[in-house]
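What follows is a single structure, written as structure tokens, with notes after it.
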């Protein structure tokens, strides 16, 4: 079995440039969102998010978002 790496590149982009995935069914309460914002402000990010590039060049989140 051959495993293919589907990751095209790793790049840093501002969060405002990412589109939420309309198929993400998870809804997090405001309290949980606020807690995550506080931790990210204090500690920072520790991992990459996965996104796919849309035909118009924008990025849509696939995994790693709240």
- How about region 21-33: which of its residues are in a loop (DSSP other than H, G, I, E, B) and either loosely packed, with under 10 Cβ neighbours inside 10 Å or touching a strand residue (DSSP E or B) at 6+ places or on another chain (Cβ under 6 Å) (or both)? 21, 22, 23, 25, 26, 27, 29
- Query: How many of the residues making up region 47-56 are loosely packed, with under 10 Cβ neighbours inside 10 Å and either more than 17 Å from residue 12 (Cβ to Cβ) or modelled with pLDDT of 90 or more (or both)?
  - Reply: 2
- Message: Suppose the filter is surrounded by 11 or more Cβ atoms within 10 Å (Cβ to Cβ), assigned to a loop (DSSP other than H, G, I, E, B) and at pLDDT below 85; does residue 36 pass it?
- Response: no
- Residue check, residue 10 without any contact (Cβ under 8 Å) to a residue 40 or more places away in the chain and either in a strand (DSSP E or B) or surrounded by 10 or more Cβ atoms within 10 Å (Cβ to Cβ) (or both): no
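The values are calculated or read from the model by the stated rules, or taken from the named source; none is laboratory data. Quick caveat: nothing in here was measured; it's all calculated off a predicted structure. No Cβ is skipped: glycine too gets one built from the backbone with ideal geometry, and neighbour counts run over all protein chains shown.
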